[in-house]
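Report on one structure; see the data block that follows.
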Amino acid sequence: MAGKSSSRRPEQVAETIRAVLAEALLRGEVRDPRVGLVTVSAVDVTRDLSHATIIVVPHGDDAARDEALEGLVSAAGYLRRLVAKTLTTRIVPELHFQLDRGFEHAKRIDELLAGLRDDEEAP
């Protein structure tokens with residue numbers, strides 16, 4: 001049974017990290033002015049709990065998104081300390097931030113489908 005609980009551990013750690021980061025971002029605890037409104041869409045933790053990839057959606061134009069990502073990367077050490085206060089594990093994962101491209105892909109698909117509908121309606 002010990003094997004089963006350890007396989008769920010990365011998922012539990014990921015959920016804890018997501019909750020801690022979402023709360024910190026909501027409260028404005030990251031003082032970097034580049035980090036504005038950011039949504040944490042997913043967290044993926046490696047099996048050995050040494051690394052966590054945080055998928056984020058910064059709101060704003062492309063330049064603001066890039067700046068927000070830079071701000072999050074800069075604040076990774078501070079955010080990791082916040083996570084360490086909550087986690088009960090011996091290892092605190094290193095935090096890596098990535099932009100969520102899912103919304104961009106969905107928007108592009110919608111545009112392509114709208115173009116196909118327009119082509120079908122044209123005589």
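The values are calculated or read from the model by the stated rules, or taken from the named source; none is laboratory data. Remember, it's a predicted structure, so these values are computed and weren't measured experimentally. Methodologically, a virtual Cβ is constructed for each residue, glycine included, from the backbone with ideal geometry; neighbour enumeration extends over all protein chains shown.
Below are the figures for this structure:
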{"quantity": "Strands (runs of 3 or more DSSP E) (entirely within segment 12-123) containing at least 3 residues that are touching a residue at least 40 places away in the same chain (Cβ under 8 Å) and among the aliphatic types (A, V, I, L, M)", "calculated": "51-58"}
{"quantity": "Answer residue from segment 80-114, given it is basic (Lys, Arg) and touching a Leu at 6+ places or on another chain (Cβ under 9 Å) and is nearest to Glu15 (Cα to Cα) among those", "calculated": "Arg80"}
{"quantity": "Thr53 being among the polar types (S, T, N, Q) and modelled with pLDDT of 95 or more", "calculated": "yes"}
{"quantity": "Those residues of segment 45-95 which are hydroxyl-bearing (Ser, Thr, Tyr) and within 16 Å of Leu26 (Cβ to Cβ), in sequence order", "calculated": "Tyr78, Thr86"}
{"quantity": "In segment 56-69, the residues that are surrounded by fewer than 18 Cβ atoms within 10 Å (Cβ to Cβ) and either in contact with a Cys (Cβ under 8 Å, 6 or more places away or on another chain) or of a type in the set (A, V, I, L, M) (or both)", "calculated": "Ala63, Ala64"}
{"quantity": "Which listed residue, of Ala84, Ala106, is within 18 Å of Ala22 (Cβ to Cβ) and over 17 Å from the mean Cα position of the chain (by Cα)", "calculated": "Ala84"}
